[in-house]
1. Could you list, in sequence order, all residues of the stretch 402-420 that are surrounded by 24 or more Cβ atoms within 10 Å (Cβ to Cβ) and either modelled with pLDDT under 95 or β-branched (Val, Ile, Thr) (or both)?
2. Just checking, which of Gly447, Gly397 is more than 28 Å from Leu537 (Cβ to Cβ) and modelled with pLDDT of 95 or more?
3. Residue check: is Thr292 hydroxyl-bearing (Ser, Thr, Tyr), touching a residue at least 60 places away in the same chain (Cβ under 8 Å) and in a loop (DSSP other than H, G, I, E, B)?
4. Identify all residues within the stretch 170-202 that are under 16 Å from the mean Cα position of the chain (by Cα) and assigned to a helix (DSSP H, G or I); write none if there are none.
5. I'd like the residue in the stretch 190-212 that is of a type in the set (Val, Ile, Thr) and modelled with pLDDT under 95 and, out of all such residues, is least open to solvent (accessible area, probe 1.4 Å).
6. Go through the stretch 40-148 and tell me which strands (runs of 3 or more DSSP E), entirely inside it, have 2 or more residues that are of a type in the set (Gly, Ala, Ser).
7. Please pick out the residue among Gln146, Gln133 that is in contact with a helix residue (DSSP H, G or I) (Cβ under 8 Å, 6 or more places away or on another chain), open to solvent by 10 Å² or more (accessible area, probe 1.4 Å), among the polar types (S, T, N, Q) and farther than 16 Å from Ser197 by Cα.
8. Residue check: is Val162 of a type in the set (A, V, I, L, M, F, W, C), buried (at least 24 other Cβ atoms within 10 Å of the Cβ), at pLDDT 95 or above and more than 23 Å from Lys535 (Cβ to Cβ)?
Amino acid sequence: MVIKSGYHGIALIVDLHTGVSELEEIPETVLRDYIGGTGLGAYLLHKHCPVNADPLGPENPLIFITSPLVGSKITTSSKFAIVSKSPLTGFIGDSLASSYLATELKSCGFDALIIKGKSNTLSVLKINDHHIQVVASPKLTFSETQVTERSIKNDLGKDYKVACIGPAGENLVRFASIFSDGGRQAGRTGIGAVMGSKNLKAIAVKGSHNTVIYDSKKLGEIRLDIAKRSLGAGTEKYRSLGTISNMSVFNKLEVLPTNNFQLSSFQHVDSISGEQLHNQNFVGNAHCANCTIGCQHFMATNDNGESVKGRIEYESGFALGSLLGISDPNLLIRAATLCDNLGLDTISTGVTIAWATETMEKGLLKEYESNNPLRFGDGESLISVIKSISGRIGLGGLLAEGTMRASKEIGNNSEDWAMHVKGLEMPGYEPRGLKTMALALAVSTRGACHNRSSAYEADFSEKVDRYKVSSNRGKITARSEDFSAILDSMIWCKFIRKAFNSFYDESAEVLSCITGWNITKQELMKTGERINNAKKLFNIREGWKRSDDTLPKRIFQDTLQGDLKEEMSLSKHDLQKMIDSYYVAREWNGDGTIPSSKRSDLNLDILLNKVPDKILE
């Protein structure tokens, strides 16, 4: 049965090897249980990814998913998710992006695009409604992302929307990203490498189907109200300075990772703060599709070199700035823009280079030092090492594997300062000074992730003492993850979360208006819990164990300097206490597995048809 309100009730499945496509019904019960975005993506990954699939093998599906909000014209709703088995972690990998591609995918007449197999040659997947064509495109080999997008639009027409990879994805760099809409990045977990492993340079989509709304009049009233609230105090920082404003704020709070997490503040932060960049380098801002906030802030270089312009956000500023001890704003802009053009996740790029810098300073990478001399605070080699990663040349070939694999290869205790969780590099939050965030980073199904929960908000509030370990952090983290699961499945932009008066009540009302379902706050809360358990269940079937829920060794070994020396530390014992409290809050077993009673309560057994029982117990 095809759903007529909010959904098409269909997934398009494409086999790149044969060029054959088919339509698969998505039952209404599944749509209601998983909504869309990362939730529906988790369900589809369970169904279409074989157990123990090679993340870079043809059997690993690459899944693009929209949501019921896409096409509704509600502010911030033009977002899509991409889900696959991550080549960095071996567990569930998902990433989100705001883009006109989201509305175009939805208008093609399906809710998900499931790409399987591997093309015999570098290709573009052309989709016009349900009509597909795998087009050999050797001329795009190793072309940068913006060049690729322009070339495809010139060939097919400006009305096609494009998602593509850069040279990094083609070279299977494990933290390659997927690019769309002139610069929007689905960056984390290495999904660009999955796309590259399929010999798929790009997808180009054009559709003609509208999203049917059950109660368009009421939704129109809600849409206007939310649009007004989206311009309130809750989004002011995103509109005025953008997330780069966090550089100076986090520095004052001593939670700005610096020199590969050896320090928690950066003495030269003023040079690359949001305020300084806006004073010296700001050239304009932009809005994502169907967005009233306008958080994108463009910066341009103003030195004597070739002019470069790009988006600069906090995570890029931290990873390519303070984490490397770099204070040159022009170099920061060049490095971040280069990552976007080559198709590299800026967080993983910066963290991996930071590991290499410390490793080289300790004398463990001497064979590479003459070509890429890396030192904290000296950015002379930064641009060249980023290019070498994308091309897998010299030192770049080692770093393209990510910090976990690179540190294992080098050995000599270099794993101790490899800053990752489960293989995914750490974001810009110092866990020793943010204890709730420390727990969230350790237990996240995605690895070291700041976006699949908002646990840091508790640390920055008056709810808890951010320096002290307490038994309530497990419940706070679980609730934060479930809240984020609904955001990422409907899909709302996280930047609008503070514009709601009652998030679950208002989200339930919006979803009911779109679909005609009678959704309640309680049902949405349980859906968030179901989605996070589904993600964990995928990881369990792929070999997860309790010891994977941890933090880098540096976090336990080192105490940060400063006035808060005693408070800025975390022991393994204290982290384990918090993890225990999280498992209790989740009603999981002591080893972190999900008991059959919980699976039954959340109707998760539907996911387990192809999974041997011994894997789950």
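The values are calculated or read from the model by the stated rules, or taken from the named source; none is laboratory data. In this text the structure is predicted, and so the values were computed from the model without any measurement. With ideal geometry, Cβ positions are generated from the backbone for all residues, glycine too; neighbour counts draw on all protein chains shown. The area values use the complete protein model at the heavy-atom level, side chains included, leaving out ligands, DNA and RNA. Shrake-Rupley method; radii C 1.70, N 1.55, O 1.52, S 1.80 Å.
1. Thr403, the sole residue that qualifies.
2. Values: Gly447 fails: more than 28 Å from Leu537 (Cβ to Cβ).
That would be Gly397, the only listed residue that is more than 28 Å from Leu537 (Cβ to Cβ) and modelled with pLDDT of 95 or more.
3. Yes; evaluated as a whole, the condition is true for this residue.
4. Matches in the stretch 170-202: Arg188, Thr189, Gly190, Ile191, Gly192, Ala193, Val194, Met195.
5. Step by step, filter the stretch 190-212, then rank; the result is Thr211.
6. 79-85, 92-98
7. Gln146
8. Answer is yes for this residue.
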